[in-house]
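Reading through the structure tokens given below for one structure.
The values are calculated or read from the model by the stated rules, or taken from the named source; none is laboratory data. Being a predicted model, the structure only gives us computed values, none of them experimental. When we count neighbours, we look across all protein chains shown, and the Cβ atoms used for this are built from the backbone with ideal geometry, even at glycine. Please note that ligands, DNA and RNA were not included when accessible areas were found on the heavy atoms of the full protein model with its side chains. Shrake-Rupley method; radii C 1.70, N 1.55, O 1.52, S 1.80 Å.
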Amino acid sequence: MKITLKIWRQESAQDKGGFVTYKMDDVSTEMTFPEMLDSLNEDLIKRNEVPFAFDSDCREGICGMCGLYINGRPNGPQEGVTTCQLNMSMFKDGDTITIEPWRAKAFPVIKDLVVDRTALDKLIQAGGFISAKTGAAPEANAIPVSKEESDIAFDAGVCIGCGTCVASCKNASAMLFISAKVSQFAVLPQGRVEAKERVQTMVAQMDALGFGNCTNTGACEAECPKEIKLSNIARMNREFYKAKIS
Amino acid sequence: MRRFLGSSLTKKLVVALAGLFLIVFLLVHLAINFLLLKSDPSVFNSAAEFMASNIVIKVFEVVLLLVFLVHILMSVILQIQNWMARPTQYKVGTRSKTSFFSKYMIYLGGIILIFLVLHFFHFFFIKIGWIEGDSDNFYALAHDLFKLPLYVSIYVISFVALSFHLNHAFQSAFQTIGFNHQKYTPTVKFLGVLYSILIPAGYIVIPLIIFLSE
Ligand code: HEM
Ligand code: FES
């Protein structure tokens, strides 16, 4: 099929940047989105033009590197997928696809479609872990965990840190991201030990890094490729208030 | 403590609790407004009189004013931070599914604020003697105002804005205070929609009835 692409090109963080339009004549509906971008880049190289930069690594929805803002939606029109899992069959012959990098103060553009998401690492460093001695895997049944709680922890723990929540939020808030981490640990005995400290340091770090504040719009939940729920944010709010008054 | 007061989550909690307080207050205020529909002015006036003289109510008035100011101040601070969090906008506007009115809260709040200023001007400033008027007969004042097409229009527009504001706000406040329950949240959302339609509609019918019956 024929596709017109409008791709955001920006030389560096300082450059103003703008859209460049490319036409592709022969896009297979069986391609994934980054495969389609690869084939355009190969054409550009053959034509002696500079290929554009975009991120990706695993290309199977587990590393969280590949996020792009496609036609007004992070990861494009398909529900519950990362950009690398987005299928070209979601588009029609003759479509124009506009691709922008994630936009947030905390995610400065490095080049073209690549943004710096170090801020998410800094959030994890502020408390998204448990302090435990490493070593051989402990006996799985030594600490009993109920089915309900392990389900909650698992559903929150599938976060891949791609930044879709920040990219989709009109306030560029990272609340879904940190609430997934806070929830995952808060319901498990291993994480409970540091729960109070964790929620406070992570929230303080989020504020300090220039992310926005949650206004419960629900865009993050709608766009999250791992379908992480808003109820995690409510749980984090409870954890935060409890930690502050006790 | 400082980290608590300065935190975004604390500000949000304050906005939500103040908002919930106002939601309860709107019910009481509406009940009193319905007395305006009685042909006998004395009932409404004695309710207004009671409001003006009772010491408990006097204290409540100060609290109410503070609650409004805190809600507005905190939500404006949060909103400014939110604007700053995305200095470069997307060129293609968002097509994500969201709570519709959540995008317009600050503008809807702005319309409500304009009305609040007018409202204070008419009733509260007369009562505390800042501007002239007959503070013994708010019934007549309200009936006079509700004969003016311009005032009735502003009134209706303001309450439609309030309806939109509350359409998102009611359930959002519950989420903010940490209440999100698989079984009960759908009920909260339903009650929120119901409240956001019925209560502003209640406020709106009063001036319409008075306007149309003159
Ligand atoms: C009777 C009048 C009002 C009522 C009952 C009311 C109620 C509420 C409630 C319950 C919320 C939800 C809080 C949350 O999401 O946790 C809210 C949010 C908000 N209100 Fe109001 N409000 C009123 C007037 C105003 C005014 C005058 C403004 C003026 C600027 C305003 C601005 C906002 C904003 C910007 C938000 C969104 C804040 C956020 O979600 O973080 N409101 N309101
Ligand atoms: S490239 Fe790893 S999630 Fe898309």
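Overview of values
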| read-out | value |
| --- | --- |
| Cross-chain or 6+ apart pairs with Cβ under 8 Å, region A:47-75 first and away from chain B (no Cβ under 12 Å), then surrounded by fewer than 22 Cβ atoms within 10 Å (Cβ to Cβ) and basic (Lys, Arg) | A:PHE52/A:ARG9; A:ALA53/A:LYS111; A:CYS66/A:ARG59 |
| Subset of region A:99-147 (residues that are modelled with pLDDT of 95 or more and charged (D, E, K, R)) | A:GLU100, A:ARG103, A:LYS105, A:LYS111, A:ASP112, A:ASP116, A:ARG117, A:ASP121, A:LYS122, A:LYS147 |
| Matching residues in region A:187-197 - criterion: being part of a helix (DSSP H, G or I) and open to solvent by 10 Å² or more (accessible area, probe 1.4 Å) | A:PRO189, A:GLN190, A:ARG192, A:LYS196, A:GLU197 |
| Candidates A:ALA153, A:ALA126, filtered to the one that is outside the structural domain of A:MET31 (by TED's automatic domain parsing) and closer than 21 Å to B:ALA85 by Cα | A:ALA126 |
| Flag if B:GLY192 is more than 16 Å from B:LEU36 (Cβ to Cβ), more than 16 Å from ligand 2 (Cβ to nearest atom) and away from chain A (no Cβ under 14 Å) | no |
| All helices (runs of 4 or more DSSP H) inside region A:122-186 with 2 or more residues being open to solvent by less than 10 Å² (accessible area, probe 1.4 Å) and under 16 Å from A:GLN200 (Cα atoms) | A:175-186 |
| Residue list for region B:63-104, restricted to those being assigned to a helix (DSSP H, G or I), open to solvent by less than 40 Å² (accessible area, probe 1.4 Å) and free of Cβ contacts under 8 Å to residues at least 12 places away in the same chain | B:ASN82 |
| Qualifying residue in region B:19-35 (condition: more than 14 Å from chain A (Cβ to nearest Cβ) and over 19 Å from the mean Cα position of the chain (by Cα)) | yes |
| Yes/no for A:LYS92 being exposed (fewer than 13 other Cβ atoms within 10 Å of the Cβ) and assigned to a strand (DSSP E or B) | no |
| Matching option when the condition is free of Cβ contacts under 8 Å to residues at least 24 places away in the same chain and within 16 Å of ligand 2 (Cβ to nearest atom), among A:ASP43, A:ASP38 | A:ASP38 |
| Sole residue being in a loop (DSSP other than H, G, I, E, B) and surrounded by fewer than 20 Cβ atoms within 10 Å (Cβ to Cβ), chosen from A:ASP43, A:ASP38, A:ASP15 | A:ASP15 |
| Filtered residues of region A:76-89 (kept if more than 10 Å from ligand 2 (Cβ to nearest atom), part of a loop (DSSP other than H, G, I, E, B), in contact (Cβ under 8 Å) with a residue 24 or more places away in the chain and touching a helix residue (DSSP H, G or I) at 6+ places or on another chain (Cβ under 8 Å)) | A:GLY76 |
| Residue list for region B:177-190, restricted to those being among the polar types (S, T, N, Q), assigned to a helix (DSSP H, G or I) and open to solvent by 60 Å² or more (accessible area, probe 1.4 Å) | B:THR187 |
| Single condition B:LYS147 does not satisfy, out of (1) touching an Asp or Glu at 6+ places or on another chain (Cβ under 7 Å); (2) of a type outside the set (Gly, Ala, Ser); (3) open to solvent by less than 40 Å² (accessible area, probe 1.4 Å); (4) more than 14 Å from chain A (Cβ to nearest Cβ) | (3) |
| Selected residue [part of a loop (DSSP other than H, G, I, E, B) and hydroxyl-bearing (Ser, Thr, Tyr)] from A:THR201, A:THR217 | A:THR217 |
